[in-house]
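So the structure is just underneath, and the comments pick up after that.
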Amino acid sequence: MHDRIVSDIDIDQDIRVARTLPARVYADPEIFKAQRERIFARTWHYAGHDDLVKVVGQVYPFTLLPGALEEPLLLTRDATDRIRCLSNVCTHRGTLVVEGAGHLQQLRCRYHGRRFTLDGRFHSMPEFEGTKDFPSPADDLPNVPIGSWERFLLVSLAPVMPVADVLAPLVARLSGLPFSTLAFDPLSARDYFVNANWALYIDNYLEGFHIPYVHSSLAETLDYGEYGVELARYGVVQLGIAKEGEPAFELPPDHPDDGRRVAAYYFWLFPLTMFNVYPWGISVNVVTPLAVDRTRVSFLPFVWDESKRQQGAGAGLDRVEREDEAVVEAVQRGVRSRLYDRGRYSPTRETGVHHFHRLLAEFMSTD
Ligand code: FES
Ligand SMILES: [Fe+2]
C-alpha cells in the first residue's frame, strides 16, 4: 500500500516542468487515511485563542481534527498561570476526563475518581493501595506540544518541526499591529461545509489566479497585476494589493511592506490553518478534513477596528467563500473523472499551489 500511495506523487521542484497532484490524491479514501498519520499527526493545528483559558483553573476540552485525527484534548491554565494542552483521556481505563468547559481546581475522572492536577500530573486514585509501581509517569495525562502567536494557540501531537518555523512568516510581517485590542466576535463566526477534499480547498486558497474569474467583487478592489506570493518553508504568504483609492493598511515606515498598498495579507500555515489579516482585524480560517470528500471551514473573526469591517478586500467574505465553495465542489466532481489525472502549473500564478503540493508529497513519502 505504501508504494501505491507515494508512487507518482512526486512534484518536480521546477514548476515549469512539474505536473500537479494526481487526481486520486483528492478522491482515494486510502490516501486520506494515510494523511492522518503522515501529515496531520505531525504538523501544527489551530487550537483556539487564549481567552478560552483566561484564568487559572479554566479548562476547555476539544477534539483535534474530528474526522481525521479525532484526538480528545484539553486546554488548561495551570496553577503557575501557564497554558497547557493535555490528553483528555483518563490514564486508568480511558474515558474522557473533562466533558465541558469550566473552572476547576483539579481534574477528576467521573468514572472511578482518579484525580490529576491542572498540569496533567497524577494526583490520587481510590482503591489502588495494592497496585505495584504505582503511580508512575505513565499515569500522568500526556502533555501535548503547544505554541502560541499573539492571542492564538497551536498544538501538534507529534511535530516534526518547531512551531517557530511555522509561525516565522507571521512574526516577520505583523509586529506592530494592535493585537492587544483584538477581540473575538462570536456572533459573526461561522462554519461552512464543502463537499470537496481538504486539499482542493487549500489549492484554491493558494492562488489569486482565479480572482478575476470567480470573485467579481474582490476583483474590483484588488490590483491583479500587483498580487504577491511569497513561499516560506512551511507556508505561503499572499499579499492582496489595493487598487488606487481602495482601502489599505497604514503601515509604519520601518515595516517591510512600507510603500505598498497592502489591502490584505493571506497567511497559510501548512497544512490547515489560515490567518487572513485585514485593516479591520484577522479572520482565522480553520480547515477541518471530515472525510475524503467533505471539509469544514470555520471562519473565526477577531476585530481591532470595527469601523473598517465593511471596506475593501476584508468585506463581503461570505460571498467570496460561497464563490470558492462552488468552484471547489466542481473540481471534486472533476477529479473523479476517468479522463483527467494531472495538470500543469502557471509559473507566474501558481507558485503557492506548487509549493503546497511539494510539501504534501514530502510528508506523504516519509513515515
Ligand atoms: S477511567 Fe478514569 S478513573 Fe477509571
Ligand atoms: Fe477564492
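Compute the orientation-averaged projected area for the stretch 45-155 from the convex hull of its Cα atoms and round it to one decimal in nm².
With the hull built on Cα positions only, its mean projection is 7.1 nm².
Å³ per residue of the Cα convex hull, for the stretch 163-364?
131 Å³
Under the Cβ-under-4.7 Å rule, which cysteines of the chain stay unpaired?
Cys85
How many nm separate the modelled label positions at Arg115 and Gln310, each set 7 Å beyond the Cα in the direction of the Cβ?
With each label placed 7 Å out from Cα toward Cβ, I get 5.5 nm.
Using every pair of alpha-carbon atoms in the chain, split the distances into 10 Å bins beginning at 0 and state the percent of pairs per bin, rounded to integers.
Whole-percent P(r) values from 0 Å outward: 5, 22, 30, 24, 13, 5, 1, 0.
Build a GNM of the chain with springs between Cα atoms under 10 Å: which of Asn143, Asn276, Asn285 gets the top mean-square fluctuation?
Among Asn143, Asn276, Asn285, the largest GNM mean-square fluctuation belongs to Asn143.
May I ask you to compute the full-extension gain from Arg342 to His210, defined as 0.36 nm times their residue separation minus their alpha-carbon distance, rounded to one decimal in nm?
The span from Arg342 to His210 would gain 45.7 nm if fully extended.
Over the chain, calculate the relative contact order: mean separation of alpha carbon pairs under 8 Å at least 6 apart, over the residue count, as a percent.
Averaging sequence separation for qualifying contacts and normalising by length gives 22 percent for the chain.
Leaving ligands and nucleic acids out of the surface, order Glu37, Glu230 by accessible area at 1.4 Å, largest first.
These residues rank, largest area first, as Glu37, Glu230.
Taking H placed 1.01 Å from N in the peptide plane, check which residues at least 5 places from Ala47 or on another chain put their amide H under 5 Å from its amide H.
Here Leu153, Leu154, Val155 satisfy the definition.
What whole-number distance in Å separates the alpha-carbon centres of the stretch 18-93 and the stretch 268-302?
14 Å
Report Leu69's accessible area, 1.4 Å probe, all protein chains in place, as a number in Å² to the nearest 10.
My reading of the accessible area for Leu69 is about 30 Å².
On a straight-distance basis, which lysines could pair with Lys33 in a cross-link, Cα separation under 30 angstrom, same-chain partners fewer than 8 positions away excluded?
none
With θ set to phi - 60° and the Karplus curve 6.51 cos²θ - 1.76 cosθ + 1.60, what are the ³J(HN,Hα) couplings of the stretch 138-145 in order, to the nearest whole Hz, using x for Gly and Pro?
5, 8, 6, 6, x, 7, 9, x
What does the net charge come to around Gly245 if you take all other residues with beta carbon closer than 13 Å to its beta carbon, with K and R at +1 and D and E at -1?
-2
Around Ser124, what is the net charge, scoring Lys/Arg as +1 and Asp/Glu as -1 over all other residues with Cβ under 9 Å from its Cβ? It would help to have the intermediate numbers written out before the result.
Working: positive: Arg114, Arg115; negative: none.
With Lys, Arg at +1 and Asp, Glu at -1, the net is +2.
The values are calculated or read from the model by the stated rules, or taken from the named source; none is laboratory data. Only a predicted model underlies this, so the values are computations on that prediction, with no experimental measurement involved. Using ideal geometry, Cβ is built from the backbone for each residue, glycine included, and neighbour counts are taken over all protein chains shown. The area values use the complete protein model at the heavy-atom level, side chains included, leaving out ligands, DNA and RNA. Shrake-Rupley method; radii C 1.70, N 1.55, O 1.52, S 1.80 Å.
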